[in-house]
Amino acid sequence: MTYVVQRLIQAVLVTFILSLTTFGLLYGVKDPARILAGPDATAQDIVRLRQTLGLNEPLPVQYGKWLGRATTGDFGRSLFTDEPVFDVIRPRIRYTLQLTFSALVLALTLGLFLGIQASLRRGSWIDVVANMLATAGQAVPNFWLGLMLIILFAVQLRWLPVAGSGGWKHLVLPTLTLASGLLPVIMRLTRSSMLDVLSQDYVRTARAKGVSERQVTVKHALRNALNPIITVVGLQVGALLGGAVVTESVFAWPGLGQLAVQSITQGDVPIVQGIVLLTALSVVIFNLMSDLLIGLVDPRVRYG
Amino acid sequence: MKNKLSLMLSLSLALSATGQASKANDTLDVGYERVILTLNPYATTDRLPLVLAHNWGDTLLVRDPASGKLVPHLATSWKKVNATTLELKLRQGVKFHNGENFNADSVVATFNYAVDPKNPNPGADILRWIDKAEKVNEYTVRLISKKPAPIALETLSTSAIMLPAKYLKEAGAAGLAKNPVGTGPYRFVSWKANTMTFKANDSYFGGAKTKPKISNLVVHMIPEESSRVAALTTGELSLVRPGGISSDQAPLLARNSELKIDSADILRFWFLQMDATGRSGVEYFKNPKVRQAVYMAINRDEIEKVLLGGYAQTIDTPCNPAQFGCDAKAAKTYKYDPVAAKKLLAEAGYPNGFTVDLYGYREQSVAQALTGYLAKIGIKANLKWYGGQYDVASQSLAAGKVPLWFGSWGANSVYDASTGMDPFFSRGGEFVYIKDPAVQNALANAGITISSAARAALFKSAIARVTDQAYWVPLFSGKVIAGMRANLNWSPSNDEIDRYWLASWK
């Protein structure tokens with residue numbers, strides 16, 4: 001129980017610090033009134049806007065007000081459309097979830113499968129191919145891979161659309177692109193941690209008892225090898241969301257990442273704050289979940 | 001093995017039905033280079049919502065793209081009642097897409113909403129000459145200004161999209177942002193994620209525009225240029241709007257027989273501004289000889305032909321010659337001559353040159369070339385580069401920190417020299433680094449003079465003075481490039497307003 005409480009307190013603290021730094025950074029770098037007023041605006045326009053938007057108040061006061069409202073789910077209004085921030089963000093969440101979830105599923109299934117196969121057949125062709133894929137996947141930048149996939153599958157073969165959203169076909173290339181970063185991590189980790197476990201005494205004992213090779217792999221080896229994999233997947237969700245920013249831009253996928261880029265360029269501070277807080281929160285939640293999951297899988301952590 | 005093969009085959013068959021045929025379903029698929037967040041043209045200075053507003057909405061008068069003249073549209077006639085009152089007769093029998101009648105109430109409601117200081121409407125700044133709008137009768141309105149406003153009619157044609165009074169009251173600005181209602185050739189249907197759909201307005205009144213020839217208009221927002229170009233190649237897009245194709249991609253598209261490119265001269269122009277008053281603390285440019293030396297050091301021909309590949313036009317004026325009053329003949333020019341420039345610099349007391357900061361934010365290759373030209377006469381220019389970040393760079397400009405400004409100006413798409421010169425040469429204003437009473441007086445008078453001939457003369461004297469003093473090095477005016485499928489008939493316009501209703505299939 002103390003383990004769970006400890007993790008929860010940590011999570012809350014991290015969230016608070018994140019919200020504070022985001023708030024400070026955005027206000028420090030840019031003047032939202034000037035950005036909103038646009039390139040051809042006069043000094044009077046900007047003064048008028050600053051008043052309308054309440055930007056003349058001291059920063060701590062602005063932060064306090066904002067945090068107070070944020071805890072009740074009110075993130076303020078977009079500087080551009082005057083819509084509530086959450087209304088702007090909400091339709092985007094589905095798309096980013098769709099993309100990150102499918103990339104995560106693809107990376108997990110393929111990564112686990114290849115990792116296990118590579119560890120069981122060390123030095124075989126499948127091990128070599130998996131390793132090559134992993135190296136390539138990690139070395140190639142997201143946006144470049146995305147463009148190459150577009151050229152091959154959309155422009156040359158005409159199998160899949162270039163960009164946008166709609167049916168499942170629109171999801172294929174972005175998913176491949178986004179998964180390409182995470183897959184090698186999972187694959188390599190599975191392989192090394194399986195190799196580690198497979199050489200343990202209890203695996204030899206299991207085999208000596210006459211347990212089938214399949215049972216040994218799944219029940220004895222994989223379950224013990226899973227621990228570091230869960231931790232890393234929890235940590236990689238942040239990287240996945242970060243990668244989604246680039247991937248969404250290349251494929252014009254209407255998710256949170258694209259909205260973030262757009263809002264940052266336009267200086268729509270409330271939207272950026274909403275997205276950052278939401279993303280940070282989801283990373284914190286995922287880390288918390290993976291911590292708790294490890295506790296569930298591995299009793300040593302729970303009572304340690 | 002056989003199983004695997006048939007699986008592959010069926011998979012590729014299932015996938016192969018992707019290529020869209022835009023002509024077949026009579027849909028103009030347009031690629032936009034930015035994601036826009038609002039369709040309300042008054043709520044932002046972003047151009048794209050205004051471009052769409054001219055397609056779903058209408059203005060009182062319209063600038064005819066061919067003749068350049070202002071012609072009747074939602075207003076059938078207009079007259080000046082006195083120096084500050086404009087009276088317009090409105091077209092009868094026009095309906096908004098939601099069924100509301102277009103009448104004097106619509107005009108009054110539109111302007112009351114747009115220029116009300118309580119509404120943060122940066123897109124309506126250019127209309128703020130209007131003090132109030134008054135209904136005379138059902139189809140007559142008066143626009144009353146505090147001061148005479150010579151560019152009133154021009155701004156009505158560029159920026160004043162008419163809105164339905166009742167809908168505006170019920171739905172408000174938020175409704176307008178997501179679900180605009182107008183009288184235009186296309187009516188808004190839906191906005192899902194990065195795609196906006198419009199349908200031809202079959203009962204369009206016409207006026208100075210026409211009924212659309214293509215029945216569906218779909219806007220796809222694709223920020224990445226390579227993806228946009230790829231989508232045009234596959235036929236997912238029928239058009240990438242002007243500005244969505246860069247000059248280095250243009251030759252690539254021109255080589256593809258299924259595609260074509262077209263370009264248009266636009267109002268935006270580029271220049272090098274020198275701090276002639278020492279506002280930034282740098283005193284070198286107070287000396288006219290130094291300014292003239294800088295002018296002569298820069299090879300403007302080379303910039304146009306080599307760096308910008310011909311997608312630009314060298315200008316000699318501190319405004320765009322396409323604007324009213326921007327008379328190129330009034331401008332004095334200085335020939336490119338680095339040797340003479342170096343001599344002038346020595347005469348001014350700087351035989352070994354000096355070091356200075358040069359600020360820039362777009363057209364990086366030109367910015368770098370400028371530092372090269374200046375280096376040749378001994379001026380070491382440190383490039384302070386703000387790639388694409390006008391909002392940040394212009395803060396320094398407004399704060400008075402910029403001795404050398406490689407700037408550009410879009411002039412609000414208004415064809416009048418005042419919108420080109422006022423921000424930099426008039427009295428007051430945060431961008432002003434040049435305080436020349438002769439120029440300031442001429443511009444101030446042009447701002448309140450109605451007679452065209454008198455205004456032209458005033459602008460002429462201002463241009464002559466600015467160029468004689470070499471306050472600026474005028475560089476070039478720009479072009480925008482559009483890419484489209486070869487079977488589409490369409491051309492970009494100089495005012496950067498896309499007229500999709502004129503598009504047709506071959």
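The values are calculated or read from the model by the stated rules, or taken from the named source; none is laboratory data. Fair warning: this is a prediction, and the values are worked out from it, not measured in the lab. In this analysis, Cβ positions are derived from the backbone assuming ideal geometry, glycine residues included, and neighbour counts consider all displayed protein chains. Remember, those area values only see protein heavy atoms, side chains included, never the ligands or the DNA or RNA. Shrake-Rupley method; radii C 1.70, N 1.55, O 1.52, S 1.80 Å.
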Picking from A:196, A:201, the residue that is free of Cβ contacts under 8 Å to residues at least 12 places away in the same chain and either within 14 Å of chain B (Cβ to nearest Cβ) or open to solvent by 60 Å² or more (accessible area, probe 1.4 Å) (or both) would be A:201
Would you call residue B:214 open to solvent by less than 20 Å² (accessible area, probe 1.4 Å), away from every other protein chain (no Cβ under 14 Å), touching a strand residue (DSSP E or B) at 6+ places or on another chain (Cβ under 8 Å) and under 30 Å from residue B:476 (Cα atoms)? no
Could you tell me which of the residues B:497, B:450, B:463 is in contact with a Pro (Cβ under 6 Å, 6 or more places away or on another chain) and not assigned by TED's automatic domain parsing to the domain that holds residue B:53? B:450
Across (1) at pLDDT 90 or above; (2) under 23 Å from residue B:359 (Cα atoms); (3) of a type in the set (A, V, I, L, M, F, W, C); (4) open to solvent by 10 Å² or more (accessible area, probe 1.4 Å), residue B:308 clears everything bar (1)
Provide a single number: the residues in segment B:250-269 that are away from chain A (no Cβ under 14 Å), of a type in the set (A, V, I, L, M, F, W, C) and farther than 30 Å from residue A:154 by Cβ. 1
Suppose we filter segment B:61-87 for residues that are outside any strand (DSSP E or B), under 20 Å from the mean Cα position of the chain (by Cα), closer than 24 Å to residue B:198 by Cβ and not acidic (Asp, Glu); how many remain? 1
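Yes/no matrix, rows are residues, columns are (1) in contact with a Cys (Cβ under 7 Å, 6 or more places away or on another chain); (2) more than 17 Å from residue B:157 (Cβ to Cβ); (3) modelled with pLDDT of 95 or more; (4) surrounded by fewer than 16 Cβ atoms within 10 Å (Cβ to Cβ):
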| site | (1), (2), (3), (4) |
| --- | --- |
| B:2 | no, yes, no, yes |
| B:8 | no, yes, no, yes |
| B:32 | no, yes, no, no |
| B:48 | no, yes, no, no |
| B:53 | no, no, yes, no |
| B:74 | no, no, yes, no |
| B:77 | no, no, yes, yes |
| B:96 | no, yes, yes, no |
| B:104 | no, yes, yes, no |
Among the residues of segment B:341-349, is there at least one that is assigned to a loop (DSSP other than H, G, I, E, B) and within 14 Å of another protein chain (Cβ to nearest Cβ)? no
Looking only at segment B:250-296, count how many residues are charged (D, E, K, R), open to solvent by 10 Å² or more (accessible area, probe 1.4 Å) and either within 16 Å of residue B:345 (Cβ to Cβ) or over 21 Å from the mean Cα position of the chain (by Cα) (or both). 7
Could you pull out the residue among A:93, A:35 that is open to solvent by less than 50 Å² (accessible area, probe 1.4 Å), at pLDDT 75 or above and not acidic (Asp, Glu)? A:93
Residue, nearest to residue B:243 (Cα to Cα), within segment B:360-381, restricted to residues that are modelled with pLDDT of 95 or more and touching a strand residue (DSSP E or B) at 6+ places or on another chain (Cβ under 8 Å): B:370
Of everything in segment B:221-249 that's open to solvent by 40 Å² or more (accessible area, probe 1.4 Å) and either among the hydroxyl-bearing types (Ser, Thr, Tyr) or within 14 Å of chain A (Cβ to nearest Cβ) (or both), which residue is nearest to residue B:309 (Cα to Cα)? B:247
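Considering each residue of segment A:145-175, count those that are more than 10 Å from every other protein chain (Cβ to nearest Cβ) and either touching a residue at least 60 places away in the same chain (Cβ under 8 Å) or part of a helix (DSSP H, G or I) (or both), and give that number.
8
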When you check residue A:108 against the structure, is it open to solvent by 20 Å² or more (accessible area, probe 1.4 Å), touching a residue at least 12 places away in the same chain (Cβ under 8 Å) and among the aliphatic types (A, V, I, L, M), yes or no? yes
Requiring at least 1 residues that are within 12 Å of another protein chain (Cβ to nearest Cβ), open to solvent by 10 Å² or more (accessible area, probe 1.4 Å) and aromatic (Phe, Trp, Tyr), the helices (runs of 4 or more DSSP H) wholly within segment B:351-440 are B:390-398
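Residues being farther than 13 Å from residue B:421 by Cα, in a loop (DSSP other than H, G, I, E, B) and open to solvent by 20 Å² or more (accessible area, probe 1.4 Å): count how many of those fall in segment B:311-330. Let's see the steps before the verdict.
Initial filter on segment B:311-330 (farther than 13 Å from residue B:421 by Cα): B:311-316, B:322, B:328-330.
Cutting the leftovers down to in a loop (DSSP other than H, G, I, E, B) gives us B:311, B:315-316, B:322.
Imposing the further condition that a residue be open to solvent by 20 Å² or more (accessible area, probe 1.4 Å) reduces the set to B:311, B:316, B:322.
So the answer is 3.
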Here the qualifying pairs (Cβ atoms under 8 Å; residues six or more apart or on different chains; first in segment B:101-120 and more than 23 Å from residue B:204 (Cβ to Cβ) and more than 14 Å from every other protein chain (Cβ to nearest Cβ); second β-branched (Val, Ile, Thr) and crowded, with 20+ Cβ neighbours inside 10 Å) come out as B:108/B:141; B:111/B:130
Just one of the numbered conditions (1) among the hydroxyl-bearing types (Ser, Thr, Tyr); (2) within 23 Å of residue A:146 (Cα to Cα); (3) in contact with an Asp or Glu (Cβ under 9 Å, 6 or more places away or on another chain) is not true of residue A:247; which one? (3)
Of the conditions (1) in contact (Cβ under 8 Å) with a residue 24 or more places away in the chain; (2) open to solvent by 40 Å² or more (accessible area, probe 1.4 Å), residue A:219 clears all except one; give me its number. (1)
Among (1) within 12 Å of chain B (Cβ to nearest Cβ); (2) assigned to a helix (DSSP H, G or I), the one test that residue A:234 misses: (1)
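Quick one: would you say residue B:60 is modelled with pLDDT under 85 and of a type outside the set (Gly, Ala, Ser)?
Judged against the criteria, residue B:60 is not a match.
Do the conditions hold for residue A:144, that is, is it open to solvent by 50 Å² or more (accessible area, probe 1.4 Å), at pLDDT 85 or above and either touching a Pro at 6+ places or on another chain (Cβ under 6 Å) or within 24 Å of residue A:236 (Cα to Cα) (or both)? First the steps, then the outcome.
Values: open to solvent by 50 Å² or more (accessible area, probe 1.4 Å): yes; at pLDDT 85 or above: yes; either touching a Pro at 6+ places or on another chain (Cβ under 6 Å) or within 24 Å of residue A:236 (Cα to Cα) (or both): yes.
Yes.
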